[in-house]
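Take a look at the structure set out below.
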Amino acid sequence: MELKSGAKQVIQVALDAGYEAHAAFTRAFKAAYGVSPLEFRRATGAIAIRDAPSGVHFRPGVPLTTFNPNHITNKIVKVITRKIKPMRVAYLRHVGPYEDTKKTWFDLTARLLADKRIRQRSVFIGIGHDYPAVTPAAELRYDACITVDGDYEPKQPVELQTIGGGDYAVAKNCPVGEIKDAYQHLYGKWLARSSRELRPAPGFIVLVDAQDVVARKKQRVDVFDIYVPLQPKRPLNTAEQMNIEVTTLEPQRVAYMRHVGPYDGSYRKWLDFTTRLKQDGLPARIRCSSACPWIIRRSHRQRNCVLTPA
């Protein structure tokens with residue numbers, strides 16, 4: 001919508017969307033729409049908006065009070081909160097579609113059985129590090145993990161890692177075919193209505209009654225508990241603590257060009273400025289200072305910078 005309105009430069013639209021570089025935004029946009037942002041802006045006709053994978057769309061002028069994610073899934077999932085201790089696990093990493101992890105699981109299980117490291121209390125854990133709607137299937141990372149005792153020393157290619165302890169939301173007893181619905185319920189409903197928020201750590205799934213699977217006692221549909229790491233919800237709009245120091249600067253001789261207008265529009269002036277300096281031999285070093293009213297937006301933080309010859 002912002003590209004079509006023409007009110008902002010393309011680079012500003014990219015920065016506002018969280019991209020740190022014009023080139024990265026252009027690549028991502030072209031992969032989604034088949035044309036560059038500039039070509040999209042210049043095109044005539046109706047605006048083609050891609051369907052979001054979640055099925056939830058924002059439209060200008062629609063009050064947010066009407067937002068209701070119930071159409072995502074109607075599956076009711078039992079969710080509890082649980083505090084767990086850190087778990088030491090042996091693991092093998094699978095790279096590729098999540099549906100193709102069975103071979104990795106068979107390999108890990110066979111290796112630990114041969115070393116007599118699978119106990120009655122062993123926990124079988126799967127950690128998916130990537131979101132399939134964003135990461136190409138061939139690049140998805142998944143760790144097949146089994147808990148081990150403290151004296152276990154892995155043999156290549158098996159490796160060790162520790163799954164962090166703490167508070168988790170746990171969706172109980174989810175058949176393998178309903179894992180997607182369970183995740184949608186956890187994130188779209190339960191988490192939004194809880195007094196918690198996500199903790200920056202990977203979630204994971206735990207195979208229920210894993211010993212039956214290992215012993216091949218019976219044919220069954222695999223059932224999992226889904227663990228999502230939690231932390232207390234932080235207050236909104238709290239300023240980050242800043243480190244401030246006082247320093248003495250020597251006088252500095254600088255080259256400059258003046259931009260008159262909104263700070264967000266100074267990008268073209270900087271391009272012109274750096275091009276001219278390059279033609280005259282750009283200084284080997286570029287020094288940043290807080291003495292300039294030019295503002296760079298990066299990841300929604302602001303920094304005052306000036307380009308000065310060193």
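The values are calculated or read from the model by the stated rules, or taken from the named source; none is laboratory data. Just so it is clear, the structure is predicted and the values come from calculations on it, not from any experiment. Here the Cβ is made from the backbone with ideal geometry for all residues, glycine too, and neighbour counts use every protein chain on show. Surface areas here come from the heavy atoms of the whole protein model, side chains and all, with no ligands, DNA or RNA. Shrake-Rupley method; radii C 1.70, N 1.55, O 1.52, S 1.80 Å.
Structural remarks
- Boolean, Thr104 is modelled with pLDDT of 90 or more, more than 30 Å from Gly265 (Cβ to Cβ) and touching a His at 6+ places or on another chain (Cβ under 6 Å): yes
- Scanning segment 16-34 for residues being of a type in the set (A, V, I, L, M), within 18 Å of Glu2 (Cβ to Cβ) and open to solvent by 50 Å² or more (accessible area, probe 1.4 Å) gives a total of 1.
- Segment 197-231: number of residues that are modelled with pLDDT under 90 and either β-branched (Val, Ile, Thr) or not in a loop (DSSP other than H, G, I, E, B) (or both): 7
- Selected residue (only one of Val206, Val123, Val176 is within 19 Å of Val223 (Cβ to Cβ), free of Cβ contacts under 8 Å to residues at least 60 places away in the same chain and over 21 Å from the mean Cα position of the chain (by Cα)): Val176
- A single entry from Pro86, Pro53 fulfils the requirement of being open to solvent by 80 Å² or more (accessible area, probe 1.4 Å), under 25 Å from Arg199 (Cβ atoms) and modelled with pLDDT of 85 or more: Pro86.
- Counted residues, segment 1-15 - those being open to solvent by 40 Å² or more (accessible area, probe 1.4 Å) and not in a loop (DSSP other than H, G, I, E, B): 3
- Residue among Arg276, Arg287, Arg268, Arg234 that is at pLDDT below 65 and on the phi < 0 side of the Ramachandran plot: Arg287
- The set of residues from segment 133-179 being surrounded by 11 or more Cβ atoms within 10 Å (Cβ to Cβ) and of a type in the set (Ser, Thr, Tyr) comprises Thr135, Tyr142, Thr147, Tyr152, Tyr168.
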